[in-house]
Amino acid sequence: MFRSLFALLRRDLTLALRRPQDALTVVGFFVVVVALFPLGIGPDPEFLRNLAPGVLWVAALLAVMLSLERLFSDDYRDGTLEQMLLVPEPLGLLVLTKTFAHWLITGLPLVLISPLLAVQLNLRADEIVMLMLALLLGTPILSLIGSIGAALTLGLRGGGVLIALLILPLYAPPLILGAGAVDAVMHGASAQAHLSLLGAMMVFALFATPWATAAAVRIMLD
Amino acid sequence: MTFESSGLADRKLRAVDLAAERGERRLFEHLHFSLSPGQLLQVSGRNGSGKTSLLRILSGLSRATEGDVFWGEERIQSIDGGTGSCLGYLGHHNALKEDLTAEENILIAVRLGGGSPDRDSALSMLERLGLAGYEDLPTRFLSQGQKRRVALARLLLQRRPLMILDEPYAALDVQVIDVLRSSIEDHLAQRGMIVITTHQSVDIDGDCHSLHLG
């Protein structure tokens, strides 16, 4: 079983490497959106520092959302998704593997580049560590929840906008907890509650969303 | 070599009282047939008579409006490991990744299916279908007919007891049609089963049955 899941993971990563622009656009979008904020609201360092957690988190979830449409649509168009229904493994696990590849390609780079942008917004070292930690727990949730939206909009016209409408409201809890964790450190409080809840949410999403996504894929391919 | 190893071999494929609808329109109803190992079923009918819908139902990709499909005594929805463990399906899409080479496409599909990839047999299958020299090219550089051949090579290497082929001859040239015909005859001789739709009449040596829709 792990052999076929590993083959799928390797396939998705190989495809991403052969077409690096897809992953780079997501990171580029994240960088540009965050960089625009100081231009819009002025260079006051203290003010930027207060806004930073929210700005970084909103930019991250918009960037992830931007990439969701491609999660299944390429495979849907060329028929490989159909063949995946015929793979003798549970579809939920295949979907989970694809979502994991999606996170490696889009979520992880966002986590890795966030310190650079955090410095730009005048965050201190301990706040930056917390930001990375929160993003590390939060971005998988974004990919997992997003996979449901990506599956439900397969083959629809204007699917991208529909994903945004379906998924953005569901992104509110990780946004509140993730930005809250950095805020807590900023104000000298403990961020443990935020992180625990984020972790719990990730575990829940890990077990619940792949089956919902698999059901959606089956329905959309019927 | 036969298909004993899968534990799913030597079972009949039976359709019981099948009916299908597409957008409120009845395509067919009260459809009964059974297929034994070593038999081929050619499905014919006009455009829009439900050939593809029938094939998708048989492969478990779509659900029938009424009726059931059985593999032996089991309903195909409840087969352990899904219908993919007993059948291979080639639809209108070739299901190839354009950025991967022909060889990579095939090896990944075999690995996904739980088989151990064997580079030599993949290469010899590609050569048999006239693709020698093309195995290292990303498939986006191949012509329609060549892509179809890669998809056929993948299907033949999966070695499932039942092969479901939707218009396999589309875009193929005469030589490849001959190779495909002999592959089909081999498959039947090894007690495999085949369900096929085609507009051409391709005479195949073996136990052939036909089903007309519409």
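Read the figures in this text as sums done on the coordinates, not as results from a lab. Fair warning: this is a prediction, and the values are worked out from it, not measured in the lab. No Cβ is skipped: glycine too gets one built from the backbone with ideal geometry, and neighbour counts run over all protein chains shown.
One table, with the values for the structure above:
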read-out: Residues B:Glu167, A:Glu89 arranged by fewest to most Cβ contacts within 10 Å; value: B:Glu167, A:Glu89
read-out: Under-29-angstrom lysine pairs by C-alpha in the protein assembly as shown, whenever the two are 8 or more apart or on separate chains; value: 6
read-out: Space enclosed by the convex hull of the alpha-carbon atoms of chain B, per residue, Å³; value: 119 Å³
read-out: Around B:Val110: net Lys/Arg minus Asp/Glu count, Cβ-Cβ under 9 Å; value: +1
read-out: Under the span-like rule (Cα at least 15 Å along the axis, Kyte-Doolittle mean at least -0.5), DSSP H helices of chain A; value: A:2-18, A:20-41, A:45-68, A:91-102, A:108-120, A:125-152, A:172-186, A:192-221
read-out: Shape category assigned to the protein assembly as shown from the gyration tensor of Cα positions, a/c cut at 1.5; value: prolate
read-out: Charge dipole magnitude, Cβ of K and R +1, D and E -1 - chain A, Cα centre, debye nearest 20; value: 380 debye
read-out: Cβ charges +1 (Lys, Arg) and -1 (Asp, Glu), total dipole of the protein assembly as shown, debye; value: 300 debye
read-out: For chain A, convex hull of alpha carbons as volume per residue, Å³; value: 117 Å³
read-out: Computed [θ] at 222 nm, helices only, for chain A once each DSSP H run of length n ≥ 4 contributes -39500 (n - 2.57); value: -28000 deg cm²/dmol
read-out: Degrees, to the nearest 10: B:174-189 long Cα axis against longest axis of chain B; value: 60 degrees
read-out: Degrees separating the helix B:102-112 axis from the principal Cα axis of chain B, which is the longest one; value: 50 degrees
read-out: Sequence of A:Asp126, A:Asp22 once ranked by neighbouring C-beta atoms within 10 Å, starting from the fewest; value: A:Asp126, A:Asp22
read-out: Average silhouette area of the stretch B:64-132, convex hull of alpha-carbon atoms, in square nanometres; value: 6.7 nm²
read-out: Positive-end extreme of charge dipole, the protein assembly as shown - chosen from A:Ala191, A:Phe6, B:Thr83 (charges on Cβ); value: A:Ala191
read-out: Residue of B:Lys12, B:Lys51, B:Lys97 that the Gaussian network model of chain B assigns the largest fluctuation, springs spanning Cα pairs under 10 Å; value: B:Lys97
read-out: Rounded FRET efficiency, nearest 0.05, which uses the C-beta distance separating A:Ala193 from A:Val119 and R0 of 35 Å; value: 0.85
read-out: Residue with peak Gaussian network fluctuation, chain A [Cα springs, cutoff 10 Å], from A:Ala181, A:Ala59, A:Ala193; value: A:Ala193
read-out: Residue order, fewest to most surrounding Cβ atoms within 10 angstrom, among A:Ser143, B:Ser182; value: B:Ser182, A:Ser143
read-out: Å³ per residue enclosed by the Cα convex hull of the stretch A:165-222; value: 66 Å³
